[in-house]
1. Among the residues of the stretch 67-77, are any more than 23 Å from residue 30 (Cβ to Cβ) and either touching a strand residue (DSSP E or B) at 6+ places or on another chain (Cβ under 8 Å) or modelled with pLDDT of 95 or more (or both)?
2. For the stretch 79-91, enumerate the residues that are surrounded by fewer than 24 Cβ atoms within 10 Å (Cβ to Cβ) and under 16 Å from the mean Cα position of the chain (by Cα).
3. Taking the condition of being surrounded by fewer than 18 Cβ atoms within 10 Å (Cβ to Cβ) and touching a strand residue (DSSP E or B) at 6+ places or on another chain (Cβ under 7 Å), how many residues in the stretch 50-61 meet it?
4. Output the number of residues of the stretch 32-49 satisfying the condition of being surrounded by 14 or more Cβ atoms within 10 Å (Cβ to Cβ) and assigned to a loop (DSSP other than H, G, I, E, B).
5. If we keep just the residues of the stretch 126-143 that are in contact with a strand residue (DSSP E or B) (Cβ under 6 Å, 6 or more places away or on another chain) and surrounded by 15 or more Cβ atoms within 10 Å (Cβ to Cβ), which is farthest from residue 195 (Cα to Cα)?
6. Taking the criterion of being in contact with a helix residue (DSSP H, G or I) (Cβ under 9 Å, 6 or more places away or on another chain), at positive phi and outside any helix (DSSP H, G or I), would at least one residue in the stretch 60-79 satisfy it?
7. From the list 111, 55, which residue is modelled with pLDDT of 95 or more and within 26 Å of residue 165 (Cβ to Cβ)?
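The values are calculated or read from the model by the stated rules, or taken from the named source; none is laboratory data. Everything numeric here is computed off the predicted structure, so don't read it as measured data. Backbone-built Cβ (ideal geometry, glycine too); neighbour counts: all protein chains shown.
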């Protein structure tokens, strides 16, 4: 496997936000989202065997593990092997863009799938067939930069009846890539107060999520 980093921190997103979590960040991504905050994962990394990664993960006390990237399913075989090793004693999250086929993810893995909105520059990359692979434990995320992104997410949720697939529908404001200094919601491209107002006005069955780790630590900090 090509690994960028393995670290122990607080989960900043998803329905598990706030919980201690071991992160396994894989190298490589085939998308180039405008608001991406992990461009350092696009290339490089170090070669590690599945055995080595498993041993590193088990060094930490958390039972929650997230496999992320980059795009982890570019290394689908190794991801499946690692998840299969960890599942008996861990809750395993797999964060993916949804552009790759979800079939390799073993049963029991919780898929967190990111549907790309127009503001990302990668709208249309989502593989619609993946919706049939998702269930009520999985999560579907939209990262929003503006009102157009919100309307895209709102309409996508309705058109594909996502609330019938899973109760875990996440709307998250994108962060500014040049964020620095005082940590506040002002660093979001989309004001969370505006997003909250839109969600309430439309009565959407979604969770507004902020990237908690970026409020705890400087948004540019790696390994947290």
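1. No: zero hits.
2. 91
3. Of the residues in the stretch 50-61, 2 are surrounded by fewer than 18 Cβ atoms within 10 Å (Cβ to Cβ) and touching a strand residue (DSSP E or B) at 6+ places or on another chain (Cβ under 7 Å).
4. Number of matching residues: 8.
5. Ranking the candidates gives 138 first.
6. Checked against the condition, which is being in contact with a helix residue (DSSP H, G or I) (Cβ under 9 Å, 6 or more places away or on another chain), at positive phi and outside any helix (DSSP H, G or I), the stretch 60-79 yields at least one hit.
7. 111
Each row is one residue, and each column tells you yes or no for (1) modelled with pLDDT of 95 or more; (2) within 20 Å of residue 14 (Cα to Cα); (3) part of a loop (DSSP other than H, G, I, E, B).
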residue: 143; (1), (2), (3): yes, yes, no
residue: 151; (1), (2), (3): yes, no, no
residue: 182; (1), (2), (3): no, no, yes
residue: 196; (1), (2), (3): yes, yes, no
residue: 201; (1), (2), (3): yes, no, no
residue: 211; (1), (2), (3): no, yes, yes
residue: 218; (1), (2), (3): no, yes, yes
residue: 222; (1), (2), (3): no, yes, yes
